[in-house]
Amino acid sequence: MSDVAKTRRSVLGAPSAPARGAGRPKMSIVVVEDPAALADYVPAWQELAGSAIEPNVFYEPWMLLPAIQAYAGERDLRFVFVQASDPADPSATPMLCGVFPLERKRRYHGLATALPLANIGLWKHPFCYLCTPLVRAEHAAECLAAFFDWLAAGSHGCSLMEFGFIAGDGPFWQLLSDHCERHLRPHHVSKSFLRALFQPRGDAETFLRAALQPGRLRELRRHERRLADAGPLEYSTLEPGHDVDAWIDEYLAVESISWKGRGGRALAGNPVDQAYFRTVAREGFGRGQLLMLALRSKGRTLAHKCNFLSGTGSFAFKIAFDEEFARHSPGVLLEIENIRWLHARPEIRWMDSCADAAHPMLDRLWSGRRTIQDVVVGTGGPLGDWFVAALPLLRHLKRKLFRRDPPRQRLEDSSE
Amino acid sequence: MDLDRATASELAADTAKMSVRVLCDLEELKPYLADWEGLAAAAAEPNAFYEAWMLMPALQRFGAGKALLLVLVFATDPARPETPLLCGFFPLERQRSFKGLPIRHLKLWRHLHCFLTTPLIRAGTARETLEALFGWLATDARSGALMEFTLIAGEGPCHQALVDHLHRSSRPHRSLECYTRALFRPAADADTYLSAALSGKHRRKIKHQEKQLAALGRIEYDALGPGDDIDARIEEFLKLEASSWKGREGTALASDEAQRSYFEAIVREAFRRGQLRMLALRLDGRPIAYKCDFLAGDGSFTFKIAFDESYARYSPGLLLELHNIQRLHAQSRTGWVDSCTHAENFMFNRLWLGRRTIESRVVSTGKAPGDLVIAMLPLLAWLSRKLLRRRASPEGPQ
């Protein structure tokens, strides 16, 4: 290490008093198992969302509570709230510092065969594309330490904790890896991949010139003209005062005639999904956290896009286009409009594509990437720690064993 | 920068053919110095420690006797086969054992004064460059079972390219160590920054210390400028450092001829190139605190700091760092400063609000027993911790 490091023994004359503030806050944990009881926490939870080290719109109460209604079903969910109280003033209302929405599972699915190993993990419902927990920037380290203490106390009866689908390059991961390193907690990053991230560059034209080759830009302009031949093209954005329900209906209609609709994967094909989408879109609109864009011509919707905003970030939620016009790339044209819109709003510093790794369109258009990863840790007991340490070897052996019988394995793979 | 990136991505994505050249000797590297400089200027991520002007003097002084392989990855445009473009530079050291096991492997070379080993990779070509590197690792007789990325940035374009490569190739890999160290990124202005970093009480205390120091004589914060006498500064710095505990322990640069001459060579060269930042706090003209940073791209790296221990109660090192924060805010070009320090450094962790993740990651090259070793590593680490439990402190590193 640099010799700056070796100066730890108080040279440099830095006073050795504790960092800041008078007393350390006292952290406490509340576990809520009954979703109806969550309502009491909503104001503090919403306030926390705005003061978190990393924004995650999917874990804000207005997006998560409807998801519980729609998707909790028989799942064993529990919500861990980490609070800080001032030791000097114990009667004051404690400050909410962290929310961990968790699902308990009896079996561990990290290996091909589900093992009878109870585990707990950040809850990911079908429309949740990021599980980074909300942790208050102030007291972040203490909050995570309190969560780990709760894990170690073992009231959940699980030996493993899975931080699945968290950002792998932001402050939360820094916090988690520092915690694990400092406390010698065995942890295993079981999956890690990149997905497209939008970050503005100067202005929209600079961005587009860097993202698209000149030939591709010309081609897109040509597509735009061809589409306009049929009638004037109209790019529009949902604004305050607009009829949000009409926009929602419009999105659902476009999606149901797209490839998703044909594959039975459109929101409109499933009443639960449709109701969830309507609720969060309406709520997001009311809160000023919904962004919808549409490309229309002669009363027909060619492409439609729905994003959610949160603090300095934003999340691409859904996109659909009318396949009749597929050869004129209406979806890409609307993405370019989205890039222009985002450049006009410097307060939004990034948009997460929420897409899979290697998305064919967004990976080309957006040069930024964000790392998404699954991290599994032992909750503190010897079994979990041992298992986390042995997991890579178990996986390796499993692969080796299956390799002996390649034809069968291949068949199984392709049927999925 | 944007244009560079665009041309590079077109070049690599469409037609360029990647090739690998491996050099074992410093003399062989000399014809490529200009390519190397060009690569550093167009790198996806700056790393001063791996730029030619910092690494060549280190190779000459600290590389002797080491089994080094200098791996150069080139892209050749079929339209212009005579001018291959250097896209990646990986200085590797061959090792005979890994964690006490007799496993031959390669690692990014790290000498005593190298605090970051993120390789230089041309922006826009990271995917192809890493593919070429791993292709070479899998087949060349000189590589071993493992490739260790020793002390790389755990975020940013190079790390992302590595994550992406590992995801797509499903090559077994393991993080050996992952921690954060202090990083400076400017706030709106120095006052905003300092009030976020330090309590009012602490800031008052520091002001008071400065006043007490000023009562002893004339104090002056002094930054090295273009026309200044660089040799005199180098001499001052070495003398100050040698007078500290480092001198007593024999770890000061001046205690060792090779290290001293390395420092002189790189500081002079950085000065000539405009990549040096040297600040001093003087009392009646005499330096009582000194710092030396190297600039690269939009960032910079804290290389060495030193101060006069007889003034320790006035916190001269801290005063100089506060001055540095003010200066950095006054200059618009600094995007970030890497502290290059330890995870637990008290002063920088308090004073600098940002953190950068540093990681050591080992990847199987595909040769036996690489995959198995990677799979066993966590279990071996767990077992050795269990067996040596008494030695592991529950509070973590002190």
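The values are calculated or read from the model by the stated rules, or taken from the named source; none is laboratory data. All figures in this text were calculated on a predicted structure; none of them were measured in a lab. Neighbour counts run over all protein chains shown; Cβ positions are idealised from the backbone, glycine included.
Computed quantities for the displayed model
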item: Residue check, residue B:344 closer than 30 Å to residue A:190 by Cα, assigned to a loop (DSSP other than H, G, I, E, B), charged (D, E, K, R) and under 20 Å from the mean Cα position of the chain (by Cα); result: yes
item: Any hit, region A:340-362, residues being within 20 Å of the chain's Cα centre (by Cα), surrounded by 20 or more Cβ atoms within 10 Å (Cβ to Cβ) and modelled with pLDDT under 95; result: yes
item: Region B:161-183 residues that are touching a residue at least 24 places away in the same chain (Cβ under 8 Å) and more than 16 Å from residue B:366 (Cα to Cα), paired with ones that are aromatic (Phe, Trp, Tyr) and in a helix (DSSP H, G or I) (beta carbon under 8 Å, 6 or more apart); result: B:181/B:348; B:182/B:348
item: Positions within region B:273-293 being more than 12 Å from chain A (Cβ to nearest Cβ), buried (at least 18 other Cβ atoms within 10 Å of the Cβ) and over 21 Å from residue B:213 (Cα atoms), in sequence order; result: B:275, B:276, B:277, B:278
item: Leading residue by the ranking (nearest to the other protein chains (Cβ to nearest Cβ)) among those in region B:326-340 that are surrounded by 18 or more Cβ atoms within 10 Å (Cβ to Cβ) and in a helix (DSSP H, G or I); result: B:328
item: Any hit, region B:47-68, residues being crowded, with 21+ Cβ neighbours inside 10 Å, assigned to a strand (DSSP E or B) and not acidic (Asp, Glu); result: no
item: Residue satisfying all of: in region B:300-319; surrounded by 22 or more Cβ atoms within 10 Å (Cβ to Cβ) and more than 7 Å from chain A (Cβ to nearest Cβ); farthest from residue B:352 (Cα to Cα) among these; result: B:306
item: Candidate set from region A:15-56 (those that are hydrophobic (A, V, I, L, M, F, W, C) and closer than 30 Å to residue B:312 by Cα); member that is modelled with the highest pLDDT; result: A:22
item: Residues of region B:234-247 that turn out to be among the charged types (D, E, K, R) and away from every other protein chain (no Cβ under 12 Å), as a count; result: 3
item: Breaking point among (1) within 25 Å of residue A:179 (Cβ to Cβ); (2) at pLDDT below 95, for residue B:355; result: (2)
item: Verdict on residue A:141 being modelled with pLDDT of 95 or more and surrounded by fewer than 19 Cβ atoms within 10 Å (Cβ to Cβ); result: yes
item: Failed criterion for residue A:196 (all others in (1) more than 10 Å from chain B (Cβ to nearest Cβ); (2) out of contact with any helix residue (DSSP H, G or I) (no Cβ under 9 Å at 6 or more places or on another chain); (3) closer than 16 Å to residue A:313 by Cβ hold); result: (2)
item: Failed item, numbered, when residue A:195 is tested on (1) surrounded by 21 or more Cβ atoms within 10 Å (Cβ to Cβ); (2) under 16 Å from residue A:82 (Cα atoms); (3) charged (D, E, K, R); result: (2)
item: Filter result (in a helix (DSSP H, G or I), touching a residue at least 60 places away in the same chain (Cβ under 8 Å) and surrounded by fewer than 20 Cβ atoms within 10 Å (Cβ to Cβ)) within region B:135-156; result: B:135, B:138
item: Members of region B:65-90 that are in contact with a Leu (Cβ under 8 Å, 6 or more places away or on another chain) and closer than 13 Å to residue B:22 by Cα; result: B:68, B:69, B:70, B:71, B:72, B:73, B:74, B:86, B:88, B:89, B:90
item: Matching entry among B:246, B:304 (being in contact with a Lys or Arg (Cβ under 9 Å, 6 or more places away or on another chain) and not in a helix (DSSP H, G or I)); result: B:304
item: Restricting region B:107-132 to residues that are in a strand (DSSP E or B) and free of Cβ contacts under 8 Å to residues at least 60 places away in the same chain, the residue that is farthest from residue A:367 (Cα to Cα); result: B:107
item: Filtered residues of region B:140-171 (kept if at pLDDT 95 or above and of a type in the set (Val, Ile, Thr)); result: B:152, B:163
item: In region A:149-193, residue farthest from residue A:336 (Cα to Cα) [restricted to those that are of a type in the set (Ser, Thr, Tyr) and at the interface with chain B (Cβ under 8 Å from one of its Cβ atoms)]; result: A:177
item: Evaluation of residue A:389 against (1) surrounded by 21 or more Cβ atoms within 10 Å (Cβ to Cβ); (2) not in a helix (DSSP H, G or I) (one fails), failing number; result: (2)
item: Qualifying residue in region B:341-351 (condition: within 8 Å of chain A (Cβ to nearest Cβ), in contact (Cβ under 8 Å) with a residue 60 or more places away in the chain and under 20 Å from residue B:224 (Cβ atoms)); result: no
item: Residue among B:242, B:270, B:254, B:265 that alone is in contact with a Pro (Cβ under 6 Å, 6 or more places away or on another chain) and surrounded by 16 or more Cβ atoms within 10 Å (Cβ to Cβ); result: B:265
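Residue-wise test of (1) within 30 Å of residue B:304 (Cβ to Cβ); (2) among the basic types (Lys, Arg); (3) more than 13 Å from chain A (Cβ to nearest Cβ).
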site: B:102; (1), (2), (3): no, no, yes
site: B:115; (1), (2), (3): yes, no, no
site: B:120; (1), (2), (3): yes, no, yes
site: B:123; (1), (2), (3): yes, no, no
site: B:134; (1), (2), (3): no, no, yes
site: B:142; (1), (2), (3): no, yes, yes
site: B:148; (1), (2), (3): yes, no, yes
site: B:160; (1), (2), (3): no, no, no
site: B:170; (1), (2), (3): no, no, no
